[in-house]
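Below: one structure, written as C-alpha cells.
The values are calculated or read from the model by the stated rules, or taken from the named source; none is laboratory data. Quick caveat, the model's predicted, so the values are computed rather than measured. All Cβ positions, even for glycine, are placed from backbone atoms using ideal geometry, and neighbour counts span all protein chains on display. Only protein heavy atoms, including side chains, enter the accessible area calculation; ligands, DNA and RNA are left aside. Shrake-Rupley method; radii C 1.70, N 1.55, O 1.52, S 1.80 Å.
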Amino acid sequence: MKILAIDTSNQPLSLALLEDERLLATMTTNHSKNHSVALMPQIAALLKSVALEPTEIDRIAVAQGPGSYTGLRIGVTTAKTLAFTLNKELVGISSLAVLAGAVHVAETVIVPLFDARRGNVFAGIYQEKEGILTSLVADRHLGLSELCLKLQKYPHIVFVGNDSQQFAQQFKHAFKPQQVSFAHPELNYPQAYILGLLALRQKPAEIQNFIPKYLRLTQAEAQWKKKHQGTLDGPLVEKI
Amino acid sequence: MNSLKRELILAFETSCDETSVAVVENGEKILANVVATQIKSHKRFGGVVPEVASRHHIEQITLCLQDALAEAAVTYEELDAVAVTYGPGLVGALLVGVAAAKAVAFAHNLPLIPVNHMAGHIYAARFVTPLEFPAMALLVSGGHTELVYLPEPNRYEIVGETRDDAAGEAYDKIGRVLGLSYPAGKEIDALAHAGKDSFKFPRAMLHEENYDFSFSGLKSAFINTVHHAQQVGEELNKNDLAASFQQSVIDVLVAKTIRALHAFPVKQLILAGGVAANRGLRQALAQRLTRLDEVEFVKAPLTLCGDNAAMIGAAGYVAWKNDVRAQLDLNAEPSLEFPWVKGALK
Ligand SMILES: [Zn+2]
C-alpha cells in the first residue's frame with residue numbers, strides 16, 4: 001500500500017511517501033508557517049521525485065490535531081479533499097502521537113506536548129508496548145500543573161516536542177530528578193514517515209465527517225454554551 | 001456563440017459564512033450551485049465569528065463538492081478548470097476553499113483560476129444577460145460598498161468606495177439597535193416599506209466631487225436618535241426609523257452611482273452584492289435610470305445576490321478565457337482589492 005503522509009499541525013511541514021513500511025521519499029521544512037503556500041507544491045514535488053501520479057496513492061494520512069488551528073485546517077482540508085476526489089482512503093493520526101512515535105524507550109511513559117499559552121498545553125500520555133505506541137491518557141488541552149499532577153504516579157517520564165524544554169524549570173519543581181528526561185532534540189520535529197507508519201495500522205476514517213481535532217472550543221462557542229447550556233434546535237449549517 | 005464543446009468550470013467559494021461549490025457551463029448556465037449557509041450558527045453570536053466560520057467550512061467542503069458534482073451529473077474528466085475565491089474575505093475561511101480547490105486541480109490535472117470575490121458578485125448578473133462593455137457595477141454587501149468600472153471583460157477598476165462602514169455593515173449595526181436578529185437587512189427593508197422618511201438623517205458626502213460613500217455618520221445619527229428617545233422615555237416608530245435610515249442609504253448610493261454614470265459612459269449598470277436584494281434600492285435605482293435610457297439596468301438575480309460559487313464560476317470562466325491562471329502556491333488574500341481607475345478623484 002502506498003501512503004502519502006502530511007503533517008502541518010505546527011510550524012514544521014513534513015511529508016512522506018511510503019510503500020507499506022518502506023520509505024520512498026520524505027521532506028521536512030521548518031522555515032515559515034505559510035503552509036497554504038508551501039503544502040501543495042511540496043506534495044507535487046515529492047510525488048514527482050519518485051515518479052508517482054496522485055492516482056497511484058492508496059491512502060492519505062494526516063496529522064489531525066491538536067496544533068495550530070490554521071495549520072490543521074490546511075493539512076486536513078488538503079488530505080480530505082485529495083482522498084475524496086481521488087476516491088482513496090483517509091486516516092487521521094494525532095499530531096502528538098507522531099512525536100511520541102519517534103521515541104523508543106521501554107518502561108517509560110512518553111509525553112508529547114505543545115505549548116497552548118497562558119500556562120496551558122496540548123498533551124497526551126503514551127507508552128510503547130511490544131513495539132506498538134499505545135495511548136494511556138487521551139490527548140487534551142489542560143493546564144501544565146494539571147498535567148504534572150497526572151504524571152506524578154509514573155516513575156519514568158520522557159517529554160518530547162520543541163515546546164517541552166521551555167517548561168524544564170516547572171518540571172524540576174514537580175518531579176524527582178531521576179523521574180524526568182527529555183527526548184533527543186532531533187526527535188522534537190514531527191516526521192511524516194512516523195505518521196505514515198502509524199497510519200498503516202489504523203482503519204480508514206469516514207471522509208465526509210472528517211475534521212481536525214482542535215481539542216478546544218472556540219471562545220465564542222464556549223461562552224455561548226455557558227449561557228445556553230448547549231441547547232439549540234436543529235443543525236447550525238443548512239443547505240439552501 | 002453556440003460552441004460545440006461545452007466548457008465546464010468547477011467553482012469554490014468560502015470567503016465568509018457560506019460554503020458553496022458550483023458547476024457552471026460556458027460561464028452562463030448553472031448546472032449546480034450548492035450553498036451551505038452558517039447563518040444559524042453565527043446568529044448565536046450576533047455576527048460572523050471567523051474561527052467558527054472556518055470550522056464549519058471544513059465540515060461542509062467535500063459534502064458540497066459531492067452534491068454539486070452529483071446534481072450537475074458531471075465527472076472530473078468532463079471539467080475544464082477549477083475556479084476559487086482567493087479574496088477578499090476572512091483569511092481562515094478563504095484558506096479552506098483555496099486548499100480544496102488546489103487539491104482537486106492537482107488531483108485531476110486541471111488549471112486553477114483565482115477569482116476575486118467581488119468580480120464574482122458582479123458576474124452573478126451574467127446569469128440574467130450577457131455583460132456589455134464598458135459597464136459599471138454598484139457592489140453593496142456586508143463587507144463592501146464600491147463602484148467598479150469594467151472597461152472590457154476581465155478588467156475591474158474601482159471608481160469609488162466606502163470610507164468607513166460598508167452599507168450592509170450599517171444595516172446590521174442599526175438592526176442590533178432596533179433589537180432585530182442578525183442579519184437584519186431583509187427585515188429593515190420590510191419595515192422601511194411600512195414607514196416614511198420622517199427623521200431626515202444625514203446624507204454623507206452627497207455633494208462632494210467624488211464617488212465615495214460613508215455610512216458611519218448615518219449610523220451614529222441613528223443610534224443617537226434612538227438613545228435620546230430612550231432617555232426621555234419617548235416611543236419612536238420603528239417603521240419610520242427604518243424608512244429614514246434606508247432612504248438615507250439609498251439616496252447616497254443612487255446619487256453617487258448616477259454621478260459615476262455621467263463621468264463614465266457605459267452600456268450597463270450592474271447592481272450586485274448581498275444588499276442588492278434590497279427592494280428599496282432596486283426600485284430607486286430603476287426609477288432614476290429611466291432618465292438615462294442608453295444605460296441598461298442589470299440586477300443580479302435575487303437568489304444569487306448572496307455569496308455563492310456559481311458567480312465565482314461565471315467570473316472564473318471569463319478569467320480562464322483571458323488566460324488567468326494560478327499555480328499550486330496560490331494563497332488566500334484577505335484584503336484583495338481591484339486597482340483604482342486611472343485619474344480617479346481620491
Ligand atoms: Zn460577498
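Annotations
- Average partner coverage of A:68-81, which counts Cβ from other chains inside 10 Å: 5
- Expressed to the nearest 5 percent, the antiparallel share of DSSP beta bridges inside the protein assembly as shown is 60 percent.
- Residues whose amide H comes within less than 5 Å of that of B:Asp307, counting only those at least five positions distant or on another chain, are absent (H built at 1.01 Å from N in the peptide plane).
- Shielded residues, segment B:80-118 - accessible-area loss of 10 Å² or more between chain alone and all protein chains, probe 1.4 Å: B:Gly92, B:Leu95, B:Val96, B:Ala99, B:Ala100, B:Lys102, B:Ala103, B:Val104, B:Phe106, B:Ala107, B:His108
- Chain B, dipole about Cα centre (Lys/Arg Cβ +1, Asp/Glu Cβ -1), debye to the nearest 20: 560
- Burial of accessible area (probe 1.4 Å, heavy atoms of protein chains only) in segment B:313-343, relative to its chain alone, reaches at least 40 Å² for B:Leu328, B:Asp329, B:Asn331.
- Carbon/sulfur fraction of accessible area - segment A:97-187, other protein chains in place, 1.4 Å, %: 52
- Per residue, the accessible area of chain B comes to 38 Å² when a 1.4 Å probe rolls over the protein heavy atoms.
- Compactness relative to 2.2 N^0.38 Å, alpha carbon Rg of chain B: 1.00
- Gyration tensor (alpha-carbon) shape descriptor, segment B:38-162, a/c threshold 1.5: oblate
- Centroid-to-centroid separation of segment B:243-285 and segment A:57-96 [C-alpha atoms, Å]: 46
- Ordered by 1.4 Å accessible area with all protein chains kept, B:His57, A:His228 run largest first as A:His228, B:His57.
- Residues in segment B:63-76 carry Karplus couplings, in order, of 5, 5, 4, 4, 5, 5, 5, 5, 5, 6, 6, 10, 9, 4 Hz; the curve used is 6.51 cos²θ - 1.76 cosθ + 1.60 with θ = phi - 60°, and Gly or Pro positions show x.
- Buried surface between chains B and A: roughly 3700 Å² of accessible area, summed over both sides, computed with a 1.4 Å probe on protein heavy atoms only.
- Share of carbon and sulfur in the accessible heavy-atom surface of segment B:1-121 [1.4 Å probe, %]: 54
- Shape call, segment B:131-299: gyration tensor on alpha carbons, a/c limit 1.5: prolate
- Solvent-accessible surface ranking, highest first, for A:Tyr193, A:Tyr214 at 1.4 angstrom: A:Tyr193, A:Tyr214
- Here segment B:131-299 exposes an accessible surface that is 48 percent carbon and sulfur, computed with a 1.4 Å probe and the other protein chains kept in place.
- Taking all Cα pairs closer than 8 Å and separated by 6 or more residues, the relative contact order of chain B comes to 26 percent.
- One Cα centroid belongs to segment B:163-184, the other to segment B:70-118; the line between them spans 31 Å.
- Ligands, DNA and RNA aside, B:Asp67 has an accessible area near 60 Å² when probed at 1.4 Å.
- Highest average first, the peptides B:279-292, A:112-125, B:172-185 ordered by how many other beta carbon atoms sit within 10 Å of their residues are A:112-125, B:172-185, B:279-292.
- Cross-link table A:Lys239/B:Lys321; A:Lys48/A:Lys88; B:Lys29/B:Lys321; A:Lys226/B:Lys186; A:Lys225/B:Lys186; A:Lys226/B:Lys40, entries beyond 23 Å C-alpha to C-alpha: A:Lys239/B:Lys321; A:Lys226/B:Lys186; A:Lys225/B:Lys186
- Only the Cβ atoms of Lys and Arg (+1) and of Asp and Glu (-1) were treated as charged; on that basis the dipole of the protein assembly as shown about its Cα centre amounts to roughly 1180 debye.
- The antiparallel fraction among DSSP beta bridges confined to chain A stands at about 60%.
- Rounded to the nearest whole Hz, the Karplus-based 3J(HN,Hα) values (6.51 cos²θ - 1.76 cosθ + 1.60, θ = phi - 60°) of segment A:119-132 follow the sequence x, 10, 9, 9, 8, x, 10, 10, 8, 8, 10, 6, x, 10, with x at glycine and proline.
- Per residue of the protein assembly as shown, the DSSP helices (runs of n ≥ 4 H) give a summed -39500 (n - 2.57) that works out to -11500 deg cm²/dmol at 222 nm.
- Comparing mean-square fluctuations of A:Val180, A:Val109, A:Val50 from a GNM of chain A with C-alpha springs under 10 Å, the top value falls on A:Val50.
- For segment A:97-187: rounded, prolate or oblate by the Cα gyration tensor [a/c cutoff 1.5]: rounded
- If you take the Cα centroid of segment A:100-133 and the Cα centroid of segment B:313-340, the two points sit 44 Å apart.
- Under a 5 Å amide H cut-off, with hydrogens placed 1.01 Å from N, B:Gly160 pairs with B:Leu147 among residues at least 5 apart or on other chains.
- Around the Cα centre of segment B:131-299, unit charges on the Cβ atoms of Lys, Arg, Asp and Glu (plus for the first two, minus for the last two) sum to a dipole of about 300 debye.
- When you work out D = kT/(6 pi eta Rh) for the protein assembly as shown at 4 °C and 1.567 mPa s, using the Kirkwood radius from C-alpha pairs as Rh and the Stokes-Einstein form, the result is 50 µm²/s.
- Per residue accessible area of segment A:1-118, 1.4 Å probe, in Å²: 34
- Residue-by-residue Karplus 3J(HN,Hα) for segment B:283-299, coefficients 6.51, -1.76, 1.60, Hz, glycine and proline x: 5, 4, 5, 4, 5, 5, 6, 4, 7, 10, 6, 7, 9, 7, 8, 10, 10
- Axis of helix B:216-231 versus longest Cα principal axis of chain B: the two differ by about 50°, to the nearest ten degrees.
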